[in-house]
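Colleague: Take this structure first; my questions come after.
The values are calculated or read from the model by the stated rules, or taken from the named source; none is laboratory data. Given the structure is predicted, the values throughout are model-derived calculations rather than measurements. Virtual Cβ from ideal backbone geometry, glycine too; neighbours counted across all protein chains shown.
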Amino acid sequence: MDFNRYQRQTVLKDFGPEAQQKLKDSSILVVGAGGLGIPALLYLNAMGVGTIGIVEQDIVEITNLQRQVLYTESDLGRPKIEVVLERLRLQNSTSKFKTFDTFLTRNNALEIISQFDIVLDGSDNFPTRYLINDACVILKKPFVSGAIQGFEGQLSVFNYKGGPTYRCLFPNMPSLEEIPNCNDNGVLGVIPGIIGNLQALEAVKATTGVGEVLSGKLLLFNGLNQAYQTINFNLQPKNATIKKLLKSYGAELCETSPSISVAEIEQKISSGKSVQIIDVRTKTEFENFSLSQVKAVNIPLNELKGRINELDFQSPVYLLCQSGKRSEMAFRLLLEQNKQLKLFNIEGGVDRFLALHG
């Protein structure tokens, strides 16, 4: 181990060479290379974590650049995992990496997570959070959870040394209507950086045994007044007895649901065919920016259930949103209402159109 490289850490009285060696011997999985995952990855890699795993299958899009600071304009359209691996290797050539060019699902979660000591959750959706929790309980792995919205963020470490799990704090997954969305409500670019760095700190503490790990405590951060608040919560024993994953976490449908690429939908439009496209963004988003090449009808996601009768049930329905996430939610919602509908999710949404056409 290059002690000269890490000497600013090894000279720390409460850290030292022993903790540095633990970092080198450790393996940490980061799920998602986005707003939370990027700062965590950069610092874990810089600090000398021996093996870093990365789960990601998105591409770099223009709306990412406001908060995902590893990416540049020249990376637009490139797979995130390719860019991240390239930059992290330049930052620290001694690190080992395991990359997974996929989204985390119930079909691969146990296999992937079993290869690591600890999981850092940088995902941005509830199905993945509950999936990670359950897999970590089954495998007896701790995981560091972070979440952001608007000017606020939250952080905790779950399943650490028999401590509380994610379900002890949030027992049940919220319904589609209850889930807040960054595309609707926004997020200040620096907030994910703050929470992602705090996640990296907790992962290092949990790995090395240095300091007090944020287990059984939920840290709430408000960026508008720089306020931190901590809420204590206890283990509910039944949540530590999970033996197998659920049949569905609501995300697997997105894997198997029919989807269509931007290029394919443009080809249909240019051929003169009548194409039924439903844009599920908010009315404000739609009015502020709509794609001239896509003649879409705007039915916001939160209105979709009550306006399903406006759809032409005889024609395929192509669902569009900003990034593809809300349209995936719309897919599930519509399928629950009418299983006969022929639905397609437009991959990458408006962001993908912009990436291709500027």
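Colleague: Among the residues of the range 196-237, what is the count of those that are among the β-branched types (Val, Ile, Thr) and part of a strand (DSSP E or B)?
Modeller: Result for the range 196-237: 2.
Colleague: Restrict the check to the range 32-39 and report whether at least one residue is assigned to a helix (DSSP H, G or I) and touching a helix residue (DSSP H, G or I) at 6+ places or on another chain (Cβ under 6 Å). It would help to see each step written out before you state the result.
Modeller: Keep residues of the range 32-39 that are assigned to a helix (DSSP H, G or I), which gives 37-39.
Among the residues that remain, those that are also touching a helix residue (DSSP H, G or I) at 6+ places or on another chain (Cβ under 6 Å) are: 39.
So far as the range 32-39 goes, yes, one or more of its residues are assigned to a helix (DSSP H, G or I) and touching a helix residue (DSSP H, G or I) at 6+ places or on another chain (Cβ under 6 Å).
Colleague: Does the range 325-345 contain at least one residue that is surrounded by 17 or more Cβ atoms within 10 Å (Cβ to Cβ), in a loop (DSSP other than H, G, I, E, B) and not assigned by TED's automatic domain parsing to the domain that holds Gln66?
Modeller: No: zero hits.
Colleague: Residues in the range 56-104 that are among the basic types (Lys, Arg) and loosely packed, with under 14 Cβ neighbours inside 10 Å: how many? Even if it seems obvious, please write down each step before you answer.
Modeller: Our first condition is that a residue be among the basic types (Lys, Arg); within the range 56-104, this holds for 67, 78, 80, 87, 89, 96, 98.
Next, from what is left, pick out any that are loosely packed, with under 14 Cβ neighbours inside 10 Å: 89, 96.
Number satisfying all stated conditions: 2.
Colleague: Another question, then. Looking at Leu76, Leu29 in this structure, which one is modelled with pLDDT of 95 or more, in contact with a helix residue (DSSP H, G or I) (Cβ under 8 Å, 6 or more places away or on another chain), in the same structural domain as Ala147 (by TED's automatic domain parsing) and under 30 Å from Gly150 (Cβ atoms)?
Modeller: Working: Leu76 fails: modelled with pLDDT of 95 or more.
Checking each option against the conditions leaves just Leu29.
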